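The values are calculated or read from the model by the stated rules, or taken from the named source; none is laboratory data. Computed from a predicted model, the values in this text were never measured in an experiment. Here Cβ is always computed from backbone atoms with ideal geometry, including for glycine, and neighbour counts include all displayed protein chains. Accessible surface is based on the protein model in full, side chains and every heavy atom, while ligands, DNA and RNA are left aside. Shrake-Rupley method; radii C 1.70, N 1.55, O 1.52, S 1.80 Å.
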Amino acid sequence: MIHLLLQTKKFIPNEYHKSFFDIDFNKLYKQGYRLILTDLDNTLISYAEDLANDVIKNKFIELKQIGFEIKLVSNNVPARINKFVKDLDVLGFANARKPLSFGLNKAWKSSETKITKDKTIIIGDQLMTDIYGANRFKAYSILVDPIKKKTEKWYTKINRSIERKMLVKISKKKPIIYKQLGLEKRG
């Protein structure tokens, strides 16, 4: 069982970007993707923030105009998620238990247009929860840099330590993919 957890391919994202706002969503839409399941903490806002700023609000409006359906999927508590999505007109799913499929599946099933998993994008800042969960879910995975590591909870810091080791393992076992994705620039 443990050897399955350590398979590097499960931790390799389909794309890597410095931030959520650097992703080419128009290209992804043209490729047939229609549903975005995005993480909250350190993907859209730091742990020190609570609300969506105007940049996030405008980006979500733009993504909806392109044709995407957006859901927020987080391992954080309902009060935090509900406060964030309040003015965004998107559904939020708390206590998702990523990398398990529980929360991802719940968000995916809530889609208004029955989008297949292979046309679903999962975005997050952590290899150990977001990317591993996305790849197990068989969705398109996009890794972004964390917004502000200093604000992270203790358990996320443990994940970051494991993540650093996994990135070294990926660089050795899959050096071409590692370089193509630009993971050596991971912040």
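Summary table
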| quantity | calculated |
| --- | --- |
| Residue in the range 101-112 that is closer than 29 Å to Glu184 by Cα and either within 15 Å of the chain's Cα centre (by Cα) or among the small types (Gly, Ala, Ser) (or both) present | yes |
| Total residues in the range 9-32, condition closer than 15 Å to Gln65 by Cβ and either modelled with pLDDT under 95 or open to solvent by 10 Å² or more (accessible area, probe 1.4 Å) (or both) | 3 |
| Close pairs (6 angstrom Cβ cut-off, 6 or more residues apart or separate chains): touching a residue at least 24 places away in the same chain (Cβ under 8 Å) in the range 67-78, among the small types (Gly, Ala, Ser) and part of a strand (DSSP E or B) anywhere | Leu72/Gly92 |
| Selection count where residues are open to solvent by less than 30 Å² (accessible area, probe 1.4 Å) and either out of contact with any strand residue (DSSP E or B) (no Cβ under 7 Å at 6 or more places or on another chain) or within 16 Å of Asp22 (Cα to Cα) (or both), scope the range 60-71 | 2 |
| Residues (aliphatic (A, V, I, L, M) and closer than 21 Å to Lys83 by Cα) located in the range 93-113 | Ala94, Ala96, Leu104, Ala107 |
| Pick from the range 128-159, criterion in a loop (DSSP other than H, G, I, E, B) and not β-branched (Val, Ile, Thr), ranking: most open to solvent (accessible area, probe 1.4 Å) | Lys138 |
| Of all residues in the range 36-59 being surrounded by fewer than 18 Cβ atoms within 10 Å (Cβ to Cβ) and of a type in the set (Gly, Ala, Ser), the one that is nearest to Thr113 (Cα to Cα) | Ser46 |
| Condition check for Thr116: among the hydroxyl-bearing types (Ser, Thr, Tyr), closer than 30 Å to Thr8 by Cα and open to solvent by 30 Å² or more (accessible area, probe 1.4 Å) | yes |
| Of residues in the range 91-105 being part of a loop (DSSP other than H, G, I, E, B) and of a type in the set (A, V, I, L, M), the one least open to solvent (accessible area, probe 1.4 Å) | Ala96 |
| The range 42-63 residues that are without any contact (Cβ under 8 Å) to a residue 40 or more places away in the chain, paired with ones that are in a loop (DSSP other than H, G, I, E, B) and of a type outside the set (Gly, Ala, Ser) (beta carbon under 6 Å, 6 or more apart) | Ala52/Leu88; Ile56/Leu44; Phe60/Leu88 |
| Residue match in the range 125-134 (condition: of a type in the set (Gly, Ala, Ser) and modelled with pLDDT under 90) | no |
| The one condition in (1) part of a helix (DSSP H, G or I); (2) touching a residue at least 24 places away in the same chain (Cβ under 8 Å); (3) charged (D, E, K, R); (4) open to solvent by 40 Å² or more (accessible area, probe 1.4 Å) that Asp87 fails to fulfil | (1) |
| Single condition Asp125 does not satisfy, out of (1) exposed (fewer than 15 other Cβ atoms within 10 Å of the Cβ); (2) touching a residue at least 24 places away in the same chain (Cβ under 8 Å); (3) among the acidic types (Asp, Glu) | (1) |
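Rundown of residues vs (1) part of a strand (DSSP E or B); (2) at pLDDT 95 or above, yes/no style:
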position	(1), (2)
Leu63	no, yes
Lys71	yes, yes
Ala107	no, yes
Ser111	no, no
